[in-house]
Every structure is written in structure tokens, then in C-alpha cells.
Amino acid sequence: MKLWGRIVVTVVVLATMFLILPWRDVLGSMGRMPWPVWVGIVLGFLVGHGLGALKWRLAVNAGRGGLAALDALRCYAAGLFANLCLPSIVGGDVLRAVLAGKSTKRPEAVVVGGLADRASDVSALALLIAGGALFARRALPGSAQLVLTVSLVLGVTGALVALFLLIRRPLAAWPPRLRRHLGRMLVALRRLTRRPATAAAVVGLSLAIQTGFILLNAVIGHSIGIDQPLAVWFLAWPVAKLSGLLPISLGGLAIREATLAAALAPFGVAPALGVAASLLWQTVLIAGGLLSGLLWLGLRRHHTAENTATIASPGHV
């Protein structure tokens, strides 16, 4: 039922956009992007996720997961490819956790490390949204500036209150359905805080990766005619990405496009251009996912061949 619900939401939002938007303008805007720029963005996307694999391995090994570098890359590539086939990116996280758990024989460490990795990404996006909102206000008229300022203050206050409740409220006081997830999240945070250098590296990599993705999207926007200050992208794109993480559509499709168009609209960007930019990023996600699938297949064959050679060796018992 949850899957069918996501399908319905995706179809309804896509259909609404098809009815409202001038799709000739959307497709025409997408066609203005030079293919060498698109190829460069795909390569940048892969580099960013290469750093993401390193970050994930650091988070997993903070809990003594013992995940090898090549195994981390193999499992991470499988998860990135699975994002194309599963209802949400959480499905990709689950697949890489299952594969890594089999490789390390420590599934709990992998799960907790994965939660820490995802929490660092969400925290990085929240920080980038706050910074983008702070500087993007200048590009808005007076009333819109006030609305954005109030939203920023309320958002920061709400985040601090939520963090305080998460840390200080006893686990038994939370609803039973949330206790297991919150307990794992707290364990993940504690393991990272015990290794401050690792925690700093994970958070720093998250900020660097998400900043890189924002810059890639700004290049997409500039190539199709969205001439806005960089601060606008630091506000709009993380908001769209966070909306895509909500488990209400298929992999964030349609929700992400609608949110980016809505976030750019107050700055004078036509909705058709916002949707075109998001759809171009979707093509990058598809291409990157397919290339990650090829990498996973190659690394899996290498992994299988190594295991076969180990078993067949005379000294193996």
C-alpha cells in the first residue's frame, strides 16, 4: 500500500505539472544545455559520490565495522544503482547496508554507521539552507525578505529544539514505533563523538559533497538561462533535495521538480525553467546510477574471483 501510495503521488504531481506548465518551454530549455557540460556534470556527480563512499566507510568504521575500501566502493555503487530501481533512496541505503553487513559480518555496525552518514548529509543540507537563506534575502523584495527571515529564524529554532529533545528526552518517553530508530541514531552520534577527528571528517565531507552538488546544479541552471546569484541555489536546491527524501513519491521524482520550481519562483525564475533544471539533474542521476551499476558488476566479479581463489588455495581450510 505504501508503494502504491507513492506511485499515486508521483503520477498526480507529474500530471498536474503537465497540465499547468508549457512543456514546449520545458523541453526547449532542456535542449539548450550543451552536451559537453552535461558530461562534465555527470563526471562531477561521480566524483562527489566517490567521496560519499569514503565518508560512508569512515562512519561505518567509527563503530569498528572493519569495512575495506574496495568493499565500501562496491557496496556504495550497488546502492547508488539501486536508487534507480527502488521506490526511494532509502532503498539504496538498505541494499548497501545488507551487502556491507555480509562483507564485514557486523551488520549492526553497518546500520548504525549508515544512519550517522545519512544524518551528516541532512545536517549539511540544513546548514547550507540556512546560509543560502541568509544571503539570498537580498535578491527578494521587502515583504518576501521578511517572510524568508521569519522562516529562517523559525527553522533554526525548531532544529535546535528538536536536537535538544533528541538528546535530553529519555528513550522510553518516545512512542514505541520510534524508539528503535531513535536509539540507533543516538548510538551512531555517540560513536562519532567518541572519535572527534572522524566526526569532523564525516561532517566536512558532507558539506563539501553537498556544496559540490549545488555548484553542479547552478551550472545546469546557468546553461539553460537561470541567471540568479549563487546564494539562491544554496537555498533552493537543498530544499528540493530534502523534499525528495520524503517517503511520499518514487525516488523523489515530481516532488523534487515541483519543490525546486516553487523555491526558485520568488526570485523571478519561471516554473518551466525550474522544472527543466531539475529534470536535467534527474538525467544526471540516471546516468550516474547506470555507471555505478557497471562499476558494481565489475567489482563484484573481482570480489567473487578473489573469494574463489582463496577457497581454492592449498592453505585454505
* Lysine pairs meeting the criterion (Cα under 29 Å, 8 or more apart or interchain), as found in the chain -> 5
* **Per residue accessible area of the chain, 1.4 Å probe, in Å²** => 52 Å²
* Structure fact -> In the chain the accessible area split gives carbon plus sulfur, as whole percent at 1.4 Å, a share of 72 percent
* Asked: Expressed in whole Å with the largest first, what are the equivalent ellipsoid semi-axes of the chain derived from the C-alpha gyration tensor as the square root of 5 times each eigenvalue?
  -> 35, 26, 18
* To do: Compute the Cα gyration tensor for the stretch 170-258, then decide on rounded, prolate or oblate, letting a ≥ b ≥ c be the square roots of its eigenvalues: rounded whenever a/c is under 1.5, prolate when a/b is larger than b/c in the other cases, and oblate in all that remain.
  => oblate
* Structure fact -> Taking alpha-carbon centroids only, the stretch 122-145 lies from the stretch 15-51 a number of Å equal to 24 Å
* Structure fact -> The local net charge around Ala62, scoring Lys/Arg +1 and Asp/Glu -1 for residues other than Ala62 whose Cβ lies under 9 Å from its Cβ, equals +4
* Which ³J(HN,Hα) values, rounded to whole Hz and listed in residue order, are derived for the stretch 106-120 from phi using the Karplus coefficients 6.51, -1.76 and 1.60 in 6.51 cos²θ - 1.76 cosθ + 1.60 with θ = phi - 60°, glycine and proline given as x? -> 10, x, 5, 5, 5, 4, 5, x, x, 5, 5, 4, 5, 5, 5
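The values are calculated or read from the model by the stated rules, or taken from the named source; none is laboratory data. As the structure is a prediction and not an experimental result, all values here were calculated from the model. Because the Cβ atoms are built from the backbone with ideal geometry, glycine has one as well, and the counts that use them run over all protein chains shown. When the accessible area is computed, the model is the full protein with side chains, heavy atoms only, and any ligands, DNA or RNA have been set aside. Shrake-Rupley method; radii C 1.70, N 1.55, O 1.52, S 1.80 Å.
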